[in-house]
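The values are calculated or read from the model by the stated rules, or taken from the named source; none is laboratory data. Given the structure is predicted, the values throughout are model-derived calculations rather than measurements. Here the Cβ is made from the backbone with ideal geometry for all residues, glycine too, and neighbour counts use every protein chain on show. We work out accessible area using only protein heavy atoms, side chains counted, and drop any ligands, DNA or RNA first. Shrake-Rupley method; radii C 1.70, N 1.55, O 1.52, S 1.80 Å.
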Amino acid sequence: SRINKLIINMKYTNYKYLLKSRPHGMPTNDCWEYVSESIDTLGSNELIIRNEFLSIDPYMRGRMNEGKSYAPPVQIGEIMTGETVGVVVESNSKKFNVGDKVCVHMGWQSYTKCKDSEISLIRVPETNLPLSLFLGTLGMPGRTAYYGLNRVGKPKAGDTVVVSAASGAVGSVVGQLAKIYGCRVIGVAGGPEKKSYVKNTLGFDECIDYKNEDISRLLKEYCSTGIDIYFENVGGELSRHVAQNLNKGARVPICGFISKYNSTDIMNEETPFHVFGNLNPKPEHRFFVVREWMNEFEKTTHILMKHVEDGSIKYRETIVNGLENAPNALNDVLSGKNFGKQLIKIN
């Protein structure tokens with residue numbers, strides 16, 4: 001377009017975080033290098049996105065480690081992995097115009113230059129909802145909740161569903177979807193404020209404060225007929241308590257086990273696969289990643305949008321200003337200090 005051609009020679013200063021060293025336990029400041037670069041050229045079929053928000057997610061800690069996993073580790077000197085949402089400010093593409101709002105998974109940076117064929121590039125639907133939601137409830141965490149519950153958990157009306165990390169970006173959506181489907185939903189969260197939010201705002205039937213309450217006793221009380229679905233986000237002691245209450249035919253979608261992510265010897269830690277795999281009978285359980293259903297992303301986003309618009313799915317965000325604060329925000333997620341979806345507002 002004429003507008004695209006008029007701004008083709010503008011220069012942009014891009015700030016970004018590189019992985020400088022691998023952490024041992026909780027990431028420290030010496031793990032990161034904060035650098036800048038100039039973006040002043042645009043090739044064929046390329047576009048430049050001014051990123052407005054950066055998503056901070058638990059999986060990022062695993063990608064900082066060296067070793068085999070479901071996705072390759074970030075290499076030393078590479079940009080830290082992460083998804084952003086922003087606005088196209090320059091385009092040499094026939095697919096995207098200046099002003100289009102998009103998500104892209106190309107790291108912790110203030111601007112993103114990429115080809116219009118980039119596989120992670122997703123157009124944001126036209127809506128009056130906040131743009132930040134497309135990194136949370138209407139983005140990867142929301143879709144993770146939707147697929148994990150529906151495709152692995154396979155809920156039926158009347159099922160008893162237990163959700164760990166229930167106040168978080170994924171768990172909060174899992175529980176609200178399960179309530180929409182007619183399930184009895186028990187959340188597990190840390191602290192009185194999060195417990196109150198899960199039960200009184202999100203509408204779970206009950207919530208256990210694992211920091212201050214007897215998990216074993218309350219699981220037996222709240223799940224007196226057993227647990228049909230356990231949505232695993234945490235691992236550790238909670239997994240062992242849940243395992244004692246699973247019904248025959250139970251399903252366990254394993255999204256993650258954040259309680260072990262900062263271990264200095266994670267390969268030798270007990271995981272949910274050990275806990276549930278050693279049961280007799282074994283529940284149906286497996287690890288899943290949202291990319292398994294990439295061809296359904298657009299459809300799923302619109303389903304979740306309708307639930308947010310009609311109020312049947314509520315959300316909460318923790319927004320920190322400034323890309324320079326991303327490392328501290330990641331540590332807050334890993335230690336459970338954040339509330340709801342953790343985001344960075346990129347200034």
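Here are the numbers for this structure:
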{"quantity": "Sum of -39500 (n - 2.57) over DSSP H runs of 4+, divided by residues of the chain (222 nm, nearest 500)", "calculated": "-6000 deg cm²/dmol"}
{"quantity": "Two-decimal Rg/Rh across the chain, once Rg and the Kirkwood Rh are taken from alpha-carbon atoms", "calculated": "0.99"}
{"quantity": "Those GluC sites (Glu not before Pro) in region 110-200 that DSSP places in a loop and that have at most 13 other beta carbons within 10 Å", "calculated": "E126"}
{"quantity": "Degrees, to the nearest 10: 297-309 long Cα axis against longest axis of the chain", "calculated": "70 degrees"}
{"quantity": "Translational diffusion coefficient (Stokes-Einstein; Kirkwood radius from C-alpha pairs) of region 181-300 at 20 °C, 1.002 mPa s, in µm²/s", "calculated": "137 µm²/s"}
{"quantity": "With Cα atoms, 0 to 90° folded angle of helix 171-180 axis to the chain main axis", "calculated": "60 degrees"}
{"quantity": "Sequence-distant aspartates and glutamates (8 or more away, or on other chains) whose Cα lies within less than 18 Å of K94", "calculated": "E46, D116, E118"}
{"quantity": "Accessible-area composition of region 175-309, carbon plus sulfur, in percent [1.4 Å probe]", "calculated": "47 percent"}
{"quantity": "Inter-part distance where region 97-170 and region 280-309 are each reduced to a Cα centre, Å", "calculated": "10 Å"}
{"quantity": "Average accessible surface area per residue within region 226-338, 1.4 Å rolling probe, Å²", "calculated": "50 Å²"}
{"quantity": "Crossing angle, helix 326-335 versus the chain [Cα axis fit, 0-90 degrees, rounded to tens]", "calculated": "10 degrees"}
{"quantity": "N128 paired with L279, simple spin-label distance in nm, labels 7 Å along Cα-to-beta-carbon", "calculated": "4.5 nm"}
{"quantity": "FRET efficiency estimate (nearest 0.05) - Cβ-Cβ, S44 to D205, R0 41 angstrom", "calculated": "0.15"}
{"quantity": "Order by protection proxy (mean Cβ within 10 Å, highest first), peptides 163-173, 21-31", "calculated": "163-173, 21-31"}
{"quantity": "Chain lengthening between R291 and I319 when straightened (0.36 nm per residue, less Cα-Cα)", "calculated": "7.5 nm"}
{"quantity": "Virtual spin-label span in nm between E309 and Y34, 7 Å along Cα→Cβ", "calculated": "3.9 nm"}
{"quantity": "Where Y17, Y59, Y210 fall by accessible area, highest first, once all protein chains stay in place (1.4 Å)", "calculated": "Y210, Y59, Y17"}
{"quantity": "Segment S335-H105, length gained on full extension (0.36 nm per residue, minus Cα span)", "calculated": "80.4 nm"}
{"quantity": "Antiparallel bridges, percent of DSSP beta bridges restricted to the chain (to nearest 5)", "calculated": "60 percent"}
{"quantity": "Given the chain, longest segment not containing exposed loop trypsin sites (Lys or Arg not before Pro) (DSSP; at most 10 other Cβ within 10 Å)", "calculated": "95-347"}
{"quantity": "Gained length - K154 relative to E118, 0.36 nm times residue gap less alpha-carbon distance", "calculated": "9.7 nm"}
{"quantity": "Convex hull volume of region 81-202 per residue (C-alpha atoms, cubic angstrom)", "calculated": "139 Å³"}
{"quantity": "Candidate lysines - alpha carbon under 23 Å from K248, same-chain residues fewer than 8 apart omitted", "calculated": "K154, K156, K179, K220, K282"}
